[in-house]
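The values are calculated or read from the model by the stated rules, or taken from the named source; none is laboratory data. Being a predicted model, the structure only gives us computed values, none of them experimental. Every residue, glycine as well, gets a Cβ built from its backbone with ideal geometry; the counts of neighbours run over all protein chains shown.
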Amino acid sequence: MLSPEAKQRIRLALWVLLALVTLRAAYIFYQRHQDRVGVEKQARARNAGYSNPDYYVSPKKLYPYDLKSTKQLTQQPEWVKEGYRYTYYSYEPATKRVQFGHEAGLLGPIEKVVITDVVMATAPGTTQKHQVMAIFQKDDKSYAVPVGYEAGGEYKIYSDEMFYIEDPHALYKHWSPDVWQAVEQHQVKPGMNETQAVFAVGMGRPDAGSSSDEKTVHYPNGGKPLVVVYHDGKAADVKPDSQGS
């Protein structure tokens with residue numbers, strides 16, 4: 001006959017198992033819901049007759065929610081969505097230490113990254129918040145870039161906002177060769193749209209008060225700042241940014 005303590009342990013184990021199953025089911029439901037949202041968005045665009053093919057692009061996502069699910073990043077290469085936004089650090093594989101005191105650089109526009117591992121790391125001076133770090137190699141050296149954090153047992157993973165998990169050349173295969181050539185040369189040319197500009201020179205900062213008809217965006221561009229004025233979504237004026245990066 002089971003003792004009261006054994007019965008209590010069994011009940012506790014069952015509650016934990018139920019919680020895990022519920023969490024997993026909720027994640028699967030959310031993932032499928034997001035996939036349906038992407039399909040519905042494309043259908044609405046077709047029905048509305050949108051002429052910009054970019055609107056029909058619906059990149060796949062991983063929807064990671066903890067350390068284990070974030071390791072999905074190791075299953076395929078990634079491409080950076082917004083260059084010059086995300087700082088990466090030197091990493092020592094032997095000791096599995098992230099050198100938070102040594103910023104190694106910024107991920108570049110649509111830079112291809114092959115992630116080999118995802119680990120937890122704690123930055124100096126912090127004890128309650130742990131960084132989720134994606135490990136990759138560049139020029140035969142190891143680096144780590146934050147893709148989320150954990151605090152109090154709760155995870156916030158933002159890798160889906162950082163990376164494409166499909167080759168952007170395939171996602172935006174409808175772009176002309178001239179546009180792709182400008183992107184690969186890290187140039188913004190008149191007639192390019194904002195997505196194409198981000199692919200070419202990275203993240204941008206729009207001026208306050210910009211409208212859909214006319215918009216001014218400042219691009220740090222890795223230390224070579226540009227300012228682009230868009231008219232009706234197309235670059236009309238491209239010049240060096242006197243305001244700096």
Problem set entry | Checking Thr74 against (1) hydroxyl-bearing (Ser, Thr, Tyr); (2) farther than 24 Å from Phe199 by Cα; (3) under 16 Å from the mean Cα position of the chain (by Cα), the condition it does not meet | (2)
Exercise. Is it the case that segment 159-169 has a residue that's surrounded by fewer than 19 Cβ atoms within 10 Å (Cβ to Cβ), touching a His at 6+ places or on another chain (Cβ under 9 Å) and among the hydrophobic types (A, V, I, L, M, F, W, C)?
Worked result: no
Exercise. Which of the residues belonging to segment 217-245 are out of contact with any Pro (no Cβ under 7 Å at 6 or more places or on another chain) and hydroxyl-bearing (Ser, Thr, Tyr)?
Worked result: Tyr230, Ser242
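Per-residue answers, yes or no, for (1) under 18 Å from the mean Cα position of the chain (by Cα); (2) in the same structural domain as Glu82 (by TED's automatic domain parsing); (3) free of Cβ contacts under 8 Å to residues at least 24 places away in the same chain; (4) crowded, with 18+ Cβ neighbours inside 10 Å:
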position	(1), (2), (3), (4)
Val183	no, no, no, yes
Lys189	no, no, no, no
Ala208	no, no, yes, no
Lys215	no, no, yes, yes
Problem set entry | Single condition Tyr84 does not satisfy, out of (1) out of contact with any helix residue (DSSP H, G or I) (no Cβ under 6 Å at 6 or more places or on another chain); (2) closer than 30 Å to Leu226 by Cβ | (1)
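Residues that are of a type outside the set (Ser, Thr, Tyr) and touching an Asp or Glu at 6+ places or on another chain (Cβ under 6 Å): find the strands (runs of 3 or more DSSP E) completely inside segment 198-245 holding 3 or more of those.
Values: elements: 214-219, 226-231, 234-240.
Once the strands (runs of 3 or more DSSP E) in segment 198-245 are filtered for at least 3 residues that are of a type outside the set (Ser, Thr, Tyr) and touching an Asp or Glu at 6+ places or on another chain (Cβ under 6 Å), what remains is 226-231.
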For this session: Quickly run through segment 137-158 and pick out the residues that are surrounded by fewer than 20 Cβ atoms within 10 Å (Cβ to Cβ) and in contact (Cβ under 8 Å) with a residue 60 or more places away in the chain.
Result: Glu150, Tyr155
Problem set entry | Subset of segment 159-181 that is touching a residue at least 60 places away in the same chain (Cβ under 8 Å), part of a helix (DSSP H, G or I) and among the hydrophobic types (A, V, I, L, M, F, W, C) - its residue that is farthest from Ala235 (Cα to Cα) | Met162
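Rundown of residues vs (1) under 21 Å from the mean Cα position of the chain (by Cα); (2) part of a strand (DSSP E or B); (3) under 22 Å from Tyr65 (Cβ atoms), yes/no style:
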position: Thr95; (1), (2), (3): no, no, no
position: Gln99; (1), (2), (3): no, yes, no
position: Glu103; (1), (2), (3): yes, yes, no
position: Thr116; (1), (2), (3): yes, yes, yes
position: Gly125; (1), (2), (3): no, no, no
position: His130; (1), (2), (3): yes, yes, yes
position: Gln137; (1), (2), (3): yes, yes, no
position: Ser142; (1), (2), (3): yes, yes, no
position: Val147; (1), (2), (3): yes, yes, yes
